[in-house]
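Encoded as structure tokens, the structure appears first; notes follow it.
The values are calculated or read from the model by the stated rules, or taken from the named source; none is laboratory data. All values reported here derive from a predicted model rather than from experimental measurement. Virtual Cβ from ideal backbone geometry, glycine too; neighbours counted across all protein chains shown.
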Amino acid sequence: MTPVIAVKNLTKLYGGRGVLCRALYQVNLEIDPGEFVAVMGPSGSGKTTLLHIISTIDKPSQGQIIIDGRETGGLKEQELALFRRDVIGFVFQEFNLLDNMTIGDNIALPLTLNNVNAAVILRKVEELTTLFGIDDQLDKYPYQLSGGQKQRAAVCRALVNEPKILFADEPTGALDSKAASELLTCFRNVRTQYGTTVVLVTHDASAASYCDRVFFLKDGMISGKLETNGNSEAFFKKILNMVALMGGERNERL
Ligand code: ADP
Ligand code: MG
């Protein structure tokens with residue numbers, strides 16, 4: 001299978017003259033279409049930097065990022081903007097919904113901006129919000145929803161133009177454990193329903209145990225990889241062992 005994401009010898013340095021910070025060093029990884037993958041590592045290990053570079057928000061100092069067969073370093077600014085719009089969805093820890101718009105309008109926004117037909121928008125929003133269990137919240141405003149519902153709305157918005165890849169940076173970081181497990185189950189359903197590749201950054205072993213594979217980052221380098229055998233309870237234990245081995249944080253299972 002041709003990977004949907006290939007990272008080759010990626011190094012990222014921050015800073016100019018004087019103090020240089022090496023955020024990533026010689027990172028190599030491949031992710032297949034439809035995989036649900038986690039990137040784990042302690043704070044400062046380079047997770048966000050890696051996600052930003054793979055998703056073309058930031059540029060590498062060295063190395064190549066090949067997404068969907070295209071070397072993103074070769075794309076011009078205008079091509080990159082289209083590429084981001086059509087291929088990539090992004091979810092952050094903070095929900096980033098617009099306060100003065102209803103949940104339905106928030107989710108529809110990427111399509112409204114692209115002048116998509118109203119009936120098509122309505123159908124898509126309905127389909128996604130049903131999958132995420134917030135189809136009865138469309139006329140409400142963000143302040144009327146729980147944190148978990150807001151995050152599920154943010155994920156719906158990221159998915160509304162059917163990206164090939166969904167990136168999520170600590171999406172459960174502001175959620176309680178029940179809301180977190182609901183969101184992670186939704187990510188799994190998205191993969192099953194649409195074949196979307198999901199790349200999740202987390203420092204939470206429990207969140208990572210919902211995935212097919214986990215990459216461990218330490219000091220900007222890939223320090224380990226694990227794959228599930230389908231039993232998420234057993235996978236959680238394997239992940240915890242790896243985290244302990246690496247000298248990181250421990251977590252409770254959700
Ligand atoms: P994580 O998401 O795993 O907590 P980050 O990718 O945010 O880690 O950061 C990795 C390293 O790069 C840290 O040492 C951080 O201080 C540094 N770093 C991140 N962003 C910048 C930046 N814009 N300028 C300088 N250093 C940065
Ligand atoms: Mg981070």
- request: Might you let me know whether segment 165-184 holds any residue that is farther than 27 Å from Lys238 by Cβ, in contact (Cβ under 8 Å) with a residue 12 or more places away in the chain and either away from ligand 1 (no atom under 16 Å from the Cβ) or crowded, with 19+ Cβ neighbours inside 10 Å (or both)?
  value: no
- prompt: What is the one condition in (1) in a helix (DSSP H, G or I); (2) under 23 Å from Thr56 (Cα atoms) that Thr192 does not satisfy?
  reply: (2)
- prompt: Counting just the residues of segment 2-27 that are of a type in the set (S, T, N, Q) and surrounded by 13 or more Cβ atoms within 10 Å (Cβ to Cβ), which one comes out nearest to ligand 1 (Cβ to nearest atom)?
  reply: Thr11
message: Every residue in segment 165-189 that is over 20 Å from Thr130 (Cα atoms), touching a strand residue (DSSP E or B) at 6+ places or on another chain (Cβ under 7 Å) and outside any loop (DSSP other than H, G, I, E, B), please.
response: Ile165, Phe167, Ala168, Asp169
task: Starting from segment 111-139, take each residue that is over 19 Å from Cys186 (Cβ atoms) and at pLDDT 95 or above and list its partners that are assigned to a loop (DSSP other than H, G, I, E, B) and not charged (D, E, K, R), counting only C-beta distances under 7 angstrom and pairs at least six apart or across chains.
output: Asp139/Thr102
query: What helices (runs of 4 or more DSSP H) lie completely within segment 41-154 and have 1 or more residues being over 30 Å from Leu226 (Cα atoms) and in contact with a Pro (Cβ under 9 Å, 6 or more places away or on another chain)?
result: 77-87, 103-113
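So in segment 39-86, with the set limited to residues that are more than 16 Å from ligand 1 (Cβ to nearest atom) and of a type in the set (S, T, N, Q), which one is farthest from the chain's Cα centre (by Cα)?
Gln78
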message: One residue is enough: does segment 208-228 have a residue meeting the conditions of a type in the set (S, T, N, Q), over 30 Å from Ala244 (Cβ atoms), in contact (Cβ under 8 Å) with a residue 40 or more places away in the chain and not in a strand (DSSP E or B)?
response: no
- prompt: Just wondering, is there one or more residues in segment 228-250 that are of a type in the set (Val, Ile, Thr), in contact with a Leu (Cβ under 7 Å, 6 or more places away or on another chain) and crowded, with 24+ Cβ neighbours inside 10 Å?
  reply: yes
